[in-house]
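Chemist: Can you read through this structure? Questions will come right after.
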Amino acid sequence: MAEAMRRMVIIGSGAEAIALASLGAKGGYDVVVFEEDAASAERFAVFLRHVRGEAVQVTAEIGALKSAEIVVEATDLPRAARINFHRNLEAQVPGNALICCVDREVTMESPLGNCVGLHLAAPAHLRRLAEITPDRQGNCEEAVVLAKELGRKAIICPRDSILLSASLEQAWWASLEYLQMRGAVPHEIDEALVAEGFAMGPHEAQDLVGTEVAYADRRRRGDDSQLIADRMVEEGRLGKKVGVGWYRYPGGGGAVIDPLVEDLIREEAHFARVEQRSFSEAEIVGFLQQALFEAGRKTGASSELIETVGIHGLGLPPGWINWSNQSGSRNQPGKNSI
């Protein structure tokens, strides 16, 4: 007799919920998306039909949580509203259900003692990293298994540290902005990195995720240092879904170089009184490698763990950076790598 599929209920209908629904269905789960706003639920259902996601159910009925074995909170509500939702969640789900949250900060503040963080790197079809934050009792084994069944490379992020991918990604984008300010335009950077073995340049990849995602994260951290990236969002350049981001996407097709982005960058450099010049591909690559190496060294994590995050979280080609040059205990295998 065939084993019954485990039911996964995903709460929300944003980009992370879409990725989870797709991964869950491919992983053999009985996936139900709960969106309490009926109009949003209907839009999600229409989207799934458009992308042939018939295996995923969509409902606005909160009763769907009663039969859940796995619950993943992936709403795009403000943090206070999400935490309040967590407060009411315990009464809605079975006592033995695995409860996960895709937002690290909400996980840490959740009133649910058994809430586990499940942070997936995006875009999901290009990145395979899942960073797992244990619950208050230190439990996370079920979430690690879930991540693996979703096809992710799982690492455990202790509650007393920040996400390793966040540390590296912040350094990565700060370095990209540094180059842009000094004259290296996005398509030149992307082309240099694709030539190095990247599946896609970072600017085109961010357009797929949506430039506003990183923008919102910077706002939460009070980081106003990325003048170019912030202006992109504030001018409505949100990525491929709206037809324009770091690139243009005529008719929803492939990326096309946008001279207006280069004008925007030149303006910001002028306002900041930064002199611009041309960069060779070797200069671009060398600068970014060194910047990430230094960022990895500062984390204190093992070279093995940083390499895992670099490959599966940032899309670096294997061995692109020789992390083993780091000294001391950082060269030892990472105990948090799964």
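Chemist: Quick one: helix 259-271 against the long Cα principal axis of the chain, what's the angle to the nearest 10°, folded into 0 to 90?
Modeler: With both axes taken from Cα atoms, the answer is about 70 degrees.
Chemist: Now a separate question. Tell me the relative contact order for the chain as a rounded percent, counting alpha carbon contacts under 8 Å between residues six or more apart.
Modeler: The normalised contact order for the chain reaches 13 percent.
Chemist: Additional query: Tell me, what is the per residue accessible area of the chain in Å², probe radius 1.4 Å?
Modeler: Roughly 47 Å² per residue, with all protein chains present.
Chemist: At R0 = 35 Å, how high is the FRET efficiency between Ala174 and Ala81 if r is their beta carbon distance? Nearest 0.05 is fine.
Modeler: FRET efficiency, Ala174 to Ala81: 0.70.
Chemist: Tell me, what is the FRET efficiency for Ala55 and Lys241 to the nearest 0.05, using R0 = 30 angstrom and their Cβ-Cβ distance as r?
Modeler: 0.80
Chemist: Please return the longest stretch of the chain lacking exposed loop sites, where trypsin sites (Lys or Arg not before Pro) count only if DSSP places them in a loop and at most 15 other Cβ atoms lie within 10 Å.
Modeler: By the stated rule (loop sites, at most 15 other Cβ atoms within 10 Å), 160-272.
Chemist: With angles folded into 0 to 90 degrees, how steeply does helix 186-195 sit against the dominant principal axis of the chain? Use alpha carbons for both and round to 10.
Modeler: Taking Cα atoms only, the helix is inclined about 80 degrees.
Chemist: Assuming R0 = 41 Å, what is the FRET efficiency of Asp160 and Asn96, from their Cβ-Cβ distance, to the nearest 0.05?
Modeler: 0.90
Chemist: With a 1.4 Å probe and all protein chains left in place, how much of the accessible area of the chain comes from carbon and sulfur atoms, in whole percent?
Modeler: That share works out to 51 percent.
Chemist: Just tell me which lysines come within less than 30 Å, Cα to Cα, of Lys298; anything on the same chain fewer than 8 places away is out.
Modeler: Straight-line reach from Lys298, under 30 Å: Lys148, Lys153, Lys335.
Chemist: Between Gly14, Gly113, Gly252, find the one with the highest GNM mean-square fluctuation for the chain; connect C-alpha pairs within less than 10 Å.
Modeler: Gly252
Chemist: Work out the charge dipole of segment 58-177 with +1 on the Cβ of Lys and Arg and -1 on the Cβ of Asp and Glu about the Cα centre, then indicate which of Pro123, Cys140, Ala64 is farthest towards its positive end.
Modeler: About the Cα centre, the residue reaching furthest to the positive side is Pro123.
Chemist: Please enumerate, by chain and number, the lysines with C-alpha under 25 Å from the C-alpha of Lys240, excluding those fewer than 8 residues away in the same chain.
Modeler: Lys26
The values are calculated or read from the model by the stated rules, or taken from the named source; none is laboratory data. Model, not experiment: these values are computed from the prediction. Quick reminder, even Gly has a Cβ in these numbers, built from the backbone with ideal geometry, and neighbours come from all protein chains shown. The protein model used for the area step is the full one, side chains on, heavy atoms only, and it has no ligands, DNA or RNA in it. Shrake-Rupley method; radii C 1.70, N 1.55, O 1.52, S 1.80 Å.
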